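> Structure in structure tokens, see below.
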Amino acid sequence: MRIAIVNEWLSVYAGSERVLEQLIKCFPEADLFAVCENLSDDDRFFLQGKAVKTTFIQKLPFSKSKYRNYLPLMPLAIEQLDLSSYDLIISSSHAVAKGVLTGPNQLHISYVHSPIRYAWDLQHQYLRESNLITGMKAFMVRYFLHRIRIWDYRTSFGVDYFISNSRFIGKRIKKIYGRTSDIIYPPVAVNDFELTEKKEDFYLTASRMVPYKKIDLIVEAFSKMPNKKLVVIGTGPDFDKIKKIATPNIELMGYQKFSKLKEMMQKAKAFVFAAEEDFGIAPVEAQACGTPIIAFGRGGALETIVDGRTGIFFSEQSCESLIDAISRFENNSSINPQDCRANAMRFSEERFRAEITEFVYKRYESFKSTI
């Protein structure tokens with residue numbers, strides 16, 4: 001059996017790359033493909049020495065730093081990968097990877113982090129945050145997103161089996177493609193985080209500072225609670241905006257190495273999470289430290305946090321709702337570090353490898369019998 005693993009662009013070691021890392025461990029004989037690959041030497045470790053076969057986008061000007069600007073060409077690029085000699089294709093997709101061309105005697109399993117978010121139900125949010133409401137550029141972007149929706153739906157028929165990374169994404173797959181999916185939660189390196197039962201008197205949030213992460217909302221809420229300390233780890237486009245609204249009880253630490261991030265996760269009385277994520281790795285990592293979560297009760301958080309036992313949900317992305325949740329958290333005596341840790345262990349890397357390997361080989365044996 002010849003196996004190909006197809007990924008999106010490879011530029012940093014983040015959530016989808018952690019899935020790819022575990023797929024390589026499960027199928028070490030597989031060949032690896034991607035739209036483009038611009039990893040630093042420090043970040044290449046997770047490829048485990050594998051070479052990456054890329055598309056023509058790799059050779060275009062400024063593709064190392066401006067690869068996202070070539071998104072209109074990515075559907076064409078991904079279709080140029082010649083996978084005709086492979087028996088099994090596994091795509092790890094949040095944009096175009098699932099659009100590879102396959103034949104009737106090839107099994108294509110797609111692990112979907114999300115259908116293209118900014119082309120479907122999050123289009124209007126993306127346009128607002130990118131200031132693309134009116135004008136010719138906005139019109140061109142809207143037209144492109146319309147075209148990519150048509151392509152994205154059409155290419156869903158080339159996938160034999162969908163795997164979703166959460167029930168939330170499973171619903172999105174059903175809504176957009178009209179297809180059912182099996183759920184296999186992504187791998188989280190929970191064993192890299194040790195349980196710490198003794199907590200200090202501060203709250204923590206950590207994220208890349210982009211609009212949908214709602215770090216500004218968290219900072220604004222704590223600016224109205226001057227007696228509560230908030231520590232913020234991370235940087236990004238919104239850093240200066242957030243710095244302007246931070247009050248003395250809020251410490252902006254910027255980017256921190258993993259060792260410092262882990263230390264702060266272990267010491268924090270709670271981790272605050274205000275985004276609507278497809279899954280959300282950081283809340284699971286914090287729970288692995290025995291740290292409870294105060295989270296927006298939408299998306300993947302509903303599947304990784306047990307309300308009242310390992311965390312507290314707030315119902316609206318507003319200061320008032322978050323402040324109320326913090327008050328309820330401080331009056332809740334039923335949350336303990338051991339329960340948080342036990343809940344996080346449900347999402348281990350070992351569990352992912354076992355589930356994905358069993359799924360793939362069962363489907364392949366069944367598929368092979370029909371050829």
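The values are calculated or read from the model by the stated rules, or taken from the named source; none is laboratory data. Since this is a predicted model, take the numbers as computed values, not measurements. Methodologically, a virtual Cβ is constructed for each residue, glycine included, from the backbone with ideal geometry; neighbour enumeration extends over all protein chains shown.
> Pairs needed: first member in region 283-302, among the hydroxyl-bearing types (Ser, Thr, Tyr); second member anywhere, part of a loop (DSSP other than H, G, I, E, B); C-beta distance under 6 Å; at least 6 residues apart or different chains.
Pairs found: Thr291/Ala268.
> Can I ask one more? Return the total of residues in region 173-188 being of a type outside the set (S, T, N, Q) and either part of a loop (DSSP other than H, G, I, E, B) or out of contact with any strand residue (DSSP E or B) (no Cβ under 8 Å at 6 or more places or on another chain) (or both).
9
> Still on this structure: Only one residue in Glu350, Glu316 is out of contact with any helix residue (DSSP H, G or I) (no Cβ under 7 Å at 6 or more places or on another chain), surrounded by fewer than 16 Cβ atoms within 10 Å (Cβ to Cβ), part of a loop (DSSP other than H, G, I, E, B) and modelled with pLDDT of 95 or more. Which one?
Answer to the check: Glu316.
> Can we say Ser93 is among the hydroxyl-bearing types (Ser, Thr, Tyr), in contact with a strand residue (DSSP E or B) (Cβ under 8 Å, 6 or more places away or on another chain) and in the same structural domain as Ser166 (by TED's automatic domain parsing)?
Here the answer is yes, as Ser93 does meet what is asked.
> In this structure, is Lys171 surrounded by fewer than 17 Cβ atoms within 10 Å (Cβ to Cβ), closer than 27 Å to Ala344 by Cα, among the basic types (Lys, Arg) and in the same structural domain as Ile24 (by TED's automatic domain parsing)?
Yes; evaluated as a whole, the condition is true for this residue.
> Pairs please, first residue from region 156-168 and assigned by TED's automatic domain parsing to the domain that holds Tyr111 and in contact (Cβ under 8 Å) with a residue 60 or more places away in the chain, second anywhere and assigned to a helix (DSSP H, G or I) and crowded, with 22+ Cβ neighbours inside 10 Å, Cβ atoms under 6 Å, 6+ apart in sequence or on different chains.
The qualifying pairs are Val159/Lys98.
> As an exercise: evaluate Gly103 against (1) over 21 Å from the mean Cα position of the chain (by Cα); (2) under 26 Å from Phe271 (Cα atoms) and give the number of the one condition it does not meet.
In the conditions (1) over 21 Å from the mean Cα position of the chain (by Cα); (2) under 26 Å from Phe271 (Cα atoms), Gly103 misses (2) alone.
> Name the residue that is surrounded by the fewest Cβ atoms within 10 Å (Cβ to Cβ), counting only residues in region 292-301 that are farther than 11 Å from Asn343 by Cα and in contact with a helix residue (DSSP H, G or I) (Cβ under 7 Å, 6 or more places away or on another chain).
Only one residue tops the list, namely Gly299.
> Any residue at all in region 327-336 that's within 30 Å of Tyr126 (Cβ to Cβ), aromatic (Phe, Trp, Tyr) and at pLDDT 95 or above?
Scanning region 327-336 turns up no residue that is within 30 Å of Tyr126 (Cβ to Cβ), aromatic (Phe, Trp, Tyr) and at pLDDT 95 or above.
> What number goes with the only condition from (1) in contact with a helix residue (DSSP H, G or I) (Cβ under 7 Å, 6 or more places away or on another chain); (2) surrounded by fewer than 22 Cβ atoms within 10 Å (Cβ to Cβ) that Thr310 does not pass?
(2)
> Let me ask something else. Tell me the helices (runs of 4 or more DSSP H) entirely within region 42-139 that contain at least 3 residues that are buried (at least 18 other Cβ atoms within 10 Å of the Cβ).
74-79
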